[in-house]
1. Which of the lysines could a cross-linker bridge to residue 268, judged by Cα under 18 Å and excluding same-chain residues fewer than eight apart?
2. Compute the label zone of residue 170 within the stretch 220-253: residues whose backbone N is under 15 Å from the point 7 Å along Cα-to-Cβ.
3. Once amide H atoms are placed 1.01 Å from N in the peptide plane, what residues at a sequence separation of 5 or more from residue 105, or on another chain, have their amide H within under 5 Å of its amide H?
4. Can you find, among 398, 277, 257, the residue farthest towards the positive end of the dipole of the stretch 250-437? Put +1 on the C-beta of Lys and Arg, -1 on that of Asp and Glu.
5. Under 5 Å between amide H atoms, partner at least 5 residues away or on a different chain: which partners does residue 63 have, H built in plane at 1.01 Å?
6. What does the extension gain come out to for residue 215 and residue 422, with contour length at 0.36 nm per residue minus their alpha carbon separation?
7. Can you compute the charge dipole magnitude of the chain about its Cα centre, using +1 on each Lys and Arg Cβ and -1 on each Asp and Glu Cβ, nothing else charged? Give it in debye, rounded to the nearest 20.
8. Using label points projected 7 Å from each Cα along Cα→Cβ, tell me how many nm separate residue 239 and residue 273, to one decimal.
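Nothing in this text is a laboratory measurement; each read-out follows from the coordinates by a stated rule. Predicted model, so just to flag it, every value in this text is computed and none were measured. Ideal geometry is used to build each Cβ from the backbone, glycine not excepted, and the neighbour counts take in all protein chains shown.
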Amino acid sequence: MRLKYLLTVLVAAGLSTAALANPYETTLKNGLKVIVKEDRRAPTAVQMVWYRIGSIDEVDGRSGVAHVLEHMMFKGTPNVGPGEFNKRVAAAGGRDNAFTSRDYTAYFQQIPKEKLPEMMQLEADRMRHLTVDAKEFEQEIKVVMEERRMRTDDNPQAKLFEQMNAVAFQAHPYRRPIIGWMNDLETMTAADAKAWYDTWYVPNNAYVVITGDVDHKTVFALAEEHYGGLEARPLPVRKPQIEPRQEGIRRVTVKAPAELPTLIMGWKAPILRDVEQDSEPYALEMLAAVLDGHDAARFNKKLVREDKVALGVDFGYDGTARGPGMIYVSGTPAEGKTVADLEAAVRAELARVQQNGISETELKRARAQLLAREVYKLDSMFGQAMEIGQIESVGLPHTALDRMLKKLQQVTAAEIQVVARKYFTDDALTVGVLDPQPLDGKPRRPAVATRH
């Protein structure tokens, strides 16, 4: 449900006239946008560098290269040795990490505010001068392959989700896993990573988001000092990649050692492209809040507590993305119930919405719960930077966040019923089932064991 996570930053923007000017932004001559959100509550700062490049931009045979390059970004430059970046951040009393998604790759540091100039210098250095050493690559690609084994190959639910997406999307790059197929990782070379870096890691394909106890004018001057000298380069033309219309239900079953079965149901859904003209993504987001937005929401109340057909059911909707959207419902059947029982129960609950709609009381409670979470997130400087960075990554301006929140508040029960009828159809549905096999008795790997 990413749309709701993108509505945090300006929730409180109407509290004062001055707040309307914050965040501030500028664009350097080389095309690098710099966005600054001043927040004086603690003497810290967060710097995030976002690149408009993710697994959506990869090609067959090179899946996973965006994520591999993320790892290589910590392997040093002529000025900063391998691993020294992290040591400098730690020495400054901060923390840092990075993450790759379908749509973007981002790097961050959270540090005492006086250390911000040093962090900007470090990021600017590796934006243009990264060393992609063959020996370092050979070591790091093994780390990535082990990460894949732990996160996906030895995780039945993750394997199911990966296989389901590969079936749901036939032409669009979202069919490929972010971490990459194992064979592609096995055949990847340092030259592949270097080509990715040289093509996409340029200032005109990036933007910097800084939040915290900072002055935006000072930050803009620092950005010009450290990033301004980096040269822009022409970017490859990104061709439209349209997923063909789905014309019937698709099913996939994955057999893997597991204690319990799992069900995932995914429907194709619209994405927010025009903040003012689009209405359906807002309605779907509020439907998500009604079904799964709080402890008393419909799924938990009906399927888990009353009917006891599921141990848990989750509803997820990604309303902002560069590619096509999906609605996901996932769950595990309760003892004595089957995956078929759970699927029937989910269908019945969705049918209730389609036929009878939702009550104003449900809508009011869901809205209150959702807005309360958004306000709470304002306590996090990192969270504020994330909200700004994520919405910018899909081509929407961060200045639209307050308008998006208002549009969400204006959703009616009738609009929710309309989208429920329109999008929960079998023609747009993909169903994934985990068929649990006997456990092999071997110790299971931890779910996550790497820094990234």
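1. List returned: 422.
2. What the label zone holds, given the 15 Å backbone N cut-off, is 242-252.
3. Sorted by chain and number, the residues that satisfy this are 51, 53.
4. 277
5. 181
6. Values: separation 207, 0.36 × 207 = 74.52 nm, distance 4.77 nm.
Working it through step by step, the gained length comes to 69.8 nm.
7. Working: 60 positive and 62 negative charges, 93 e Å.
Approximately 440 debye in magnitude.
8. 1.9
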